[in-house]
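Pasting in a structure now, in structure tokens, and then I'll have a few things to ask.
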Amino acid sequence: MSIAIVGAGAIGGYLGVRLAEAGEDVTFIARSNAAAIQADGMRLIEEDGTEIHSKSVKATRSMQEAGVHEVVLLTVKAHQVGPIAADLHHLIGPDTVVVTMQNGIPWWYFLGGYSGDHAGTRLESADPGGLIADHLDPKHVIGSVVYPATVLTDPGTVKVIEGNRFGLGELDGSKSERVLALSQRLARAGFRAPVTSDIRAEIWLKLWGNLSFNPISALTHATLEDICRFPDTRAIAAEMMREAEVIANKLGVTFRLGIDKRIAGAEKVGPHKTSMLQDVEAGRPIELEALVGSVIELGRLTGTPTPHIDTVFALMRLLAQSLERAQGRLAIQGA
């Protein structure tokens, strides 16, 4: 199967190496490190320390050069999708499957067979200006929820911290041949890839933690276990999650876990830095709108107050603005 992976970061690299080693034809679309990957492949360091060096992967900076593929794994961050949306058509043929692997509320949330009160609504926080919807037909899309924690230790090396699960689901809830086939391919590469009939509910379960732990981590420079074990930050996270749960319930989503169990699951991940904290430390643009702003937008849409989410969002926006203005980064250094 020909698979194009748009983005050669921590998640894209993890998927690409394992899929290539399982015999798939993998091409990375990587604007910053394509030459290095093309020359020397991609390395993966598994949880147990085992290193896999895949030299069979290909890489290019150009989607046009890559051409049409059977599967496109869209692994860039949510705020990076809009700027590249106009070029995606080079990778997509009539039967191409595009797997969206962004955190947060996706741009297609109210599209692709959604039958609730807000069907067809575009969320500005998820798709500013409608750029993605203008260039990517939802009929190609399979939704995904990314659970692993991974880090890019250098441009050609990914280290797995924890996890190998990628939830999959058709936007209309069907168990189609294409989503089942994709699940099987991922399983053959060593991933757990269960197919759900309600991908939106699965997205909310992941987002429930992301909307709270990510900004709190970025503001405090604390790891997941530190946030969960410090009573005050644990309480703030729980309040943010309660507000989000009310919104989700109004949209017809019921969580299969309680807040305490969701927080306990995050604590078990251990001393892991969230992606938002990693971005603050590296001076990269922050994935704030999709993870937090989208929930606030949904709160307004459903008439739900979100005071705790609003407060943390305001603080995080100011930090992001300060870092962008200074073109800087922020990290705690030992003495």
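The values are calculated or read from the model by the stated rules, or taken from the named source; none is laboratory data. Note that the structure is predicted; figures quoted are calculated from it, not measured. Cβ placement follows ideal geometry from the backbone for every residue including glycine, while neighbour counts extend to all protein chains displayed.
Does any residue in region 44-62 that is over 13 Å from ALA8 (Cα atoms) come within less than 6 Å, Cβ to Cβ, of a residue that is surrounded by fewer than 16 Cβ atoms within 10 Å (Cβ to Cβ) six or more places away or on a different chain, and which pairs are these?
Short answer, once both residue conditions are applied: ILE45/GLU51.
Report, by residue number, each residue of region 223-247 that is within 20 Å of GLY265 (Cα to Cα), of a type in the set (A, V, I, L, M, F, W, C) and either touching a residue at least 60 places away in the same chain (Cβ under 8 Å) or in contact with a helix residue (DSSP H, G or I) (Cβ under 7 Å, 6 or more places away or on another chain) (or both).
LEU224, ILE227, CYS228, ILE236, ALA237, ALA238, MET240, MET241, ALA244
For residues that are closer than 12 Å to PRO138 by Cα and within 20 Å of the chain's Cα centre (by Cα), scanning just region 89-103, find the one that is surrounded by the fewest Cβ atoms within 10 Å (Cβ to Cβ).
Step by step, filter region 89-103, then rank; the result is VAL97.
May I pose another question? Of the residues THR75, THR100, which is touching a Ser or Thr at 6+ places or on another chain (Cβ under 9 Å) and either at pLDDT below 95 or closer than 22 Å to LYS206 by Cα (or both)?
From the options THR75, THR100, the qualifying one is THR100.
For every residue, the table says whether it meets (1) assigned to a helix (DSSP H, G or I); (2) surrounded by 21 or more Cβ atoms within 10 Å (Cβ to Cβ); (3) not assigned by TED's automatic domain parsing to the domain that holds ALA149.
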site	(1), (2), (3)
ALA20	yes, yes, no
ASP48	no, no, no
HIS53	no, no, no
ALA59	no, yes, no
GLY82	yes, no, no
ALA86	yes, no, no
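In region 22-44, which residues are surrounded by fewer than 17 Cβ atoms within 10 Å (Cβ to Cβ) and modelled with pLDDT of 95 or more?
Of everything in region 22-44, those that are surrounded by fewer than 17 Cβ atoms within 10 Å (Cβ to Cβ) and modelled with pLDDT of 95 or more turn out to be ALA22, GLY23, ASP25.
Hey, another quick one. Please specify each residue of region 7-40 satisfying the condition of being in contact with a helix residue (DSSP H, G or I) (Cβ under 7 Å, 6 or more places away or on another chain) and either among the hydrophobic types (A, V, I, L, M, F, W, C) or under 13 Å from THR157 (Cα atoms) (or both).
The answer is ALA8, ALA22, VAL26, PHE28, ILE29, ALA30.
Residues in region 104-145 that are buried (at least 21 other Cβ atoms within 10 Å of the Cβ) and among the aliphatic types (A, V, I, L, M): how many?
The total comes to 8.
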